[in-house]
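Only one structure is covered here, and it is reproduced in the block below.
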Amino acid sequence: MGTSLNDSLDEDIRLFLIDEKQLHTYDDLTKVNPVTPSTVLTCLQARYDAKVFYTHAGCTLVALNPFQPIPYLYSLDVMKEYHCTSQPQESKPHIFIVAEEAYRNVKGQLEPVNQSLVVSGESGAGKTWTSRCLMKYYATVAASSSVVKKQNTVERIERRVLDSNPLMEAFGNACTLRNNNSSRFGKYIQLQLDSRQLLVGASVQTYLLEKTRVVFQPTGERNFHIFYQMMSGATTEQRKEWKMPNGQCFAWLPNSNTHLEEDCFEETVGAMGHLGINTERQREMFRILAGILHLGNIEFCSSSDDSQPCDLEEKSKEYLQNAAEFLGVVALELESCFRVRTLKAGKQSVLKPCSLSDCLVRRDCLAKVIYAGLFEWLVTYINNSMCAESSTWSNFIGVLDVYGFECFQLNNLEQLCINYANEKLQQHFVSHYLKAQQEEYISEGLEWSFVKYQDNRGCLDLIEGSPMSVFSLLNEESRLNRTSDARLFRVRLENELSKNRSISWDRFSQEPHFTVAHYAGKVNYQIEGMAEKNKDPVPSELINMLHKSKNSLLHQVFSEDEEQPTKGLSKVTVVSKFKNSLENLMKILHSTTPHYTRCIKPNQDCKPLTFKREEVILQLEACGIVETIHISAAGFPVRIPFESFIQRYRMIKPTLTIGILWCILVS
Ligand SMILES: Nc1ncnc2c1ncn2[C@@H]1O[C@H](COP(=O)(O)OP(=O)(O)OP(=O)(O)O)[C@@H](O)[C@H]1O
């Protein structure tokens, strides 16, 4: 009986894997032979066991999270070593190789090209850590000692760029079940370089902060770090000022007895100082944050007379007074904003009592709108303090760190947006490396057998496509002048979208939901509340009150914000805003040379040096690593556009015409 193809492949795999002692030496997975999920996984595991955390996978770098500090790996000496080597590609795989290649690419011998470093991976895989490493690298190597004149400015800029991290993390990161320091917003940082390749400034673009966390923390998770930092790091006077005595419980601060290394108030305050936020501004910020915490302790009870507004719980009165004081608003007005709604009927205004649940929705809405406004103000402040004049910089290196793919027991609009962002990045990767490269080979008449890959176009069409998609239907639902009915909306989704193979429904589920087959796995989205979240309405009474705030920072935040809806409902929904901002990001990414780093989470429990094969393989499969290796191994390591090639090498034989050069090239 002859051996089948599968038998011989199994035999090859067996032979390859038998040489166990060699497996950890494969610096580049393109050298693995044969390339299969099993050989790739075993190599990565062997390297992880040997404490080697970075491995090339052709055009991508795979970074395995050690879940413990490895100080020698990121020291100044190591940075210098990678920066000074003549052939970085020949050094051991490291995130600094990616950083250095991008840095050298900008310089290029031809036109300098902007670069993007795209760091992806699931929550807790190490994206934020990696982005920090990249920023430290540039803050070090791009501040060469040859700069004498502007030493102070350059030093200040590096410090500011680095200080922007702890500050944004304090306000935008939180402890979740999957990661103690999970980014609850996305960011793209552009490091601005002058013509001598020196770091002269930076700017940051943020994406969709998960503001619901301020008022709702899933079981076992926490609110944003900054609140816990205030609770654990403030002086006695500050606690007195904020009316936060020891032992004080705040409803929006669950798990406040868990202390994390992220609870570093001093570092956050230090960073504020370095960025130029003076003590008065800091005081106003902390008063606003204290005001939010006090808001969370306000409770209502139904009035005995149905026609009357709800009453404040007796014990809430003090919290309302405190919140009003810190937010610089009149306590009576604050109370009335929660309990009474103003309806406009022509030129007349009618007052209507809010139901008990409406009072709470309004209280939560106020906290969310204030926190989101404060975060936005902070980002603008950081940008103003780091951004260089446009005439002083010529190129940039962008570092992208967006929230990782998420799948919980209950998923709603937040997860849909997060996973949509990950789909967009995956599509960029697919179209840049897996599709475009192969199409180019074929169009140039090169011998090439097409490597199949998982294209996520169908899933993206489902989410954002036109005319019918989850987003378009959701927008339509959110714009209706009535509360959305989850069951009806589910039927509408099914009627319109069931032809798309990326959507399905669990017929036995009681809850209205839909399931999307994302590139990284299936996720069930709960429909209840989704349209309302997408609308994100802010009652006009709340905004009008904030406009008059005596807290000058809060006053500034809301008077500057002209886009704030003052008529109750914003026409711009959450998903349309998010889609637009991601489209702009994609335009930037397409105009730069991308470098991909895939962070892998070796185990779900964040245990040091623990490699769970079944968890890693899912992540490798999801990001198409095997296909990437195949294409990189079979393709060309260097691909220069023809025009650039001619420009660069023409000098070797100037008499050659472009036509002749072309013949030489393709022969
Ligand atoms: N290279 C590394 N060396 C040591 N520890 C690391 C490294 N990378 C990540 N970690 C550890 O893993 C934790 C999670 O990493 P990180 O916060 O960067 O994940 P993430 O991918 O940004 O997650 P999220 O999407 O939730 O923001 C870090 O807090 C750190 O403790």
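Below is a table of values for the structure above.
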item	result
Within the chain: Cβ-based charge dipole about Cα centre, in debye rounded to nearest 20 (Lys, Arg +1; Asp, Glu -1)	1080
The chain - mean residue ellipticity at 222 nm from DSSP helices (-39,500 (n - 2.57) per run, n ≥ 4, rounded to 500)	-14500 deg cm²/dmol
Qualifying aspartates and glutamates (Cα of each under 18 Å from Cα of Lys548; at least 8 residues distant if same chain)	Glu284, Glu325, Glu333, Glu335, Glu560, Asp561, Glu562, Glu563
Segment 266-422: relative contact order as a whole-number percent, Cα under 8 Å and 6+ apart	17
³J(HN,Hα), Karplus 6.51/-1.76/1.60, whole Hz, each residue of segment 405-418, x for Gly, Pro	3, 10, 8, 10, 4, 10, 10, 9, 4, 4, 5, 4, 5, 4
Sequence-distant residues sharing a close amide H with Ala388 (under 5 Å, placed H)	Ala202
Bridge type composition, the chain - antiparallel percent by DSSP, nearest 5	70
Label-to-label distance, nm, for residues given as Ile70 and Glu476 (7 Å Cα→Cβ offset)	5.1
Interchain or long-range residues, amide H under 5 Å from Gly398's placed H	Gln115, Ser116, Leu117, Leu191
From the C-alpha gyration tensor of segment 173-315, square roots of 5λ in Å	35, 19, 17
Residues Leu460, Leu193, Leu493, Leu76, sorted so that the one with the fewest Cβ neighbours within 10 Å comes first	Leu76, Leu460, Leu493, Leu193
Exposure proxy order (Cβ contacts within 10 Å, fewest to most) of Glu335, Glu440	Glu440, Glu335
HN-Hα J in Hz across segment 296-302 - Karplus 6.51, -1.76, 1.60, θ = phi - 60°, x for Gly and Pro	x, 8, 7, 10, 10, 9, 5
Whole-number percent relative contact order across the chain, with pairs defined as alpha carbons under 8 Å at least 6 apart	20
Distant-in-sequence amide H partners of Cys599 (H built 1.01 Å from N, under 5 Å)	Ala63, Ser120, Gly121
Lys/Arg +1, Asp/Glu -1 at C-beta; segment 151-306 dipole; positive extreme among Pro218, Asn257, Ser182	Ser182
Cα Rg, Dmax, the chain, angstrom units	27.5, 97
Pairwise label distance in nanometres, Ser443 with Tyr649, each label 7 Å out on the Cα-Cβ vector	2.1
Residue-wise HN-Hα coupling along segment 171-177, computed from phi with Karplus coefficients 6.51, -1.76, 1.60 (Hz; x: Gly, Pro)	8, x, 10, 8, 7, 10, 5
Proxy reagent accessibility, fewest Cβ within 10 Å first, across Leu253, Leu327, Leu15	Leu15, Leu253, Leu327
Listed pairs Lys80/Lys601; Lys80/Lys127; Lys51/Lys601; Lys535/Lys601; Lys92/Lys522 exceeding 26 Å between Cα atoms	Lys80/Lys601; Lys535/Lys601; Lys92/Lys522
Size descriptor, Kirkwood hydrodynamic radius, that averages inverse alpha-carbon separations across segment 1-98, Å	15.0
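Taken together, the values in this text are just the output of simple stated rules run on the coordinates, not laboratory data. For clarity, every value in this text was computed on a predicted model and none was experimentally measured. FYI the Cβ positions are ideal-geometry reconstructions off the backbone, even for glycines, and counts take in every protein chain you see.
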